[in-house]
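Here's the structure we're looking at; comments come further down.
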Amino acid sequence: MNLTGGLHWHWRAWRAQARWRSTRAQIEDWLLAQPVSSDDLILIGASAGWMMSSTWLGRYRSVQTWDIDPLAAPLFRWRHGAALKIQGVRLECRTGDALTQLPNLLNEQPQATIFFDNVLGQIRFQTARTDQTERRLHSITQALRSRHWGSVHDRMSGRVLKAWPHEPLPEGGQTVQGQANEASATQQWLGRMGAQSPWLDHLTDSIFPEGTCLTNMAWAMKPGYWHWLQAGWVRP
Ligand SMILES: C[S@@+](CC[C@H](N)C(=O)[O-])C[C@H]1O[C@@H](n2cnc3c(N)ncnc32)[C@H](O)[C@@H]1O
């Protein structure tokens, strides 16, 4: 059973497009601010690209999407296919477990940039124990050494007191992985959000190497249940 994708996810995403718009725009701005260092992109956990920017994808010569959800490929083509065709991007949508096959994918496309599109924070739901999640994430990041890769993923999630859409999402700003003030800066930001303890830890705090510049974003995933998304790029 796919706990983080499938029909339920598509239905929720389709209905939530207005509520998710500002987070989607923040992700797009963050993506567009990055220099493109390769012609080819592998997008893992693509789903239908509900939060993805066609404009950013249009910077690549080819985009290969991966998702375990069989509905993802046709829906991704439906949402992004026409825009990518106009921009001359070759799009290939694959169905399968890209995380297990990651070493093969990296070998097959040694120059491609890898982007994990809100999938690494879901591994904790696919493993029975915390240490298994941490080991799985560690083996993924080890496999990526010497590659240009990026990720946006859940860092934490939980209940908030703030109503939606009456107030703007509080800016999470930037932090640096491992910097001393990182925890207090994000705690203050969660406080401005009206976060109600306890929040669920998605066990992604060690994904990025020390010194990585991180962008923090709030995502009003459900009206009273928000996610702290963290995004970063790693260069070899
Ligand atoms: C939270 S959704 C991300 C949605 C997507 N990025 C978007 O903007 O709509 C997580 C996605 O990751 C997919 N997924 C989970 N494990 C995966 C794996 N091992 N390989 C490929 N996709 C996976 C799920 O099927 C789901 O579609």
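Quick note: the coordinates plus some simple rules give every number you see, no bench work behind them. Small disclaimer: the values here were computed from a predicted structure and weren't measured. Here the Cβ positions follow ideal geometry from the backbone for every residue, glycine too, while neighbour counts run over all protein chains shown.
Values for this structure:
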item: Total formal charge among the other residues, if their Cβ is under 12 angstrom from that of Lys222, Lys/Arg +1 and Asp/Glu -1; result: +4
item: C-alpha center-to-center spacing [the range 159-236, the range 119-146] in angstrom; result: 19
item: Helix-only mean residue ellipticity at 222 nm for the chain, each DSSP H run of n ≥ 4 adding -39500 (n - 2.57), per residue, nearest 500; result: -10000 deg cm²/dmol
item: Proximal charge balance of Asp131 [Cβ under 15 Å; K/R count +1, D/E count -1]; result: +1
item: Simple Cβ-charge dipole of the chain, Lys/Arg +1 and Asp/Glu -1, about Cα centre, in debye nearest 20; result: 540
item: Among Trp149, Ser62, Pro110 - extreme Cα towards positive end, dipole of the chain, charges at beta-carbon; result: Ser62
item: Share, in percent, of DSSP beta bridges within the chain that are antiparallel, nearest 5; result: 55
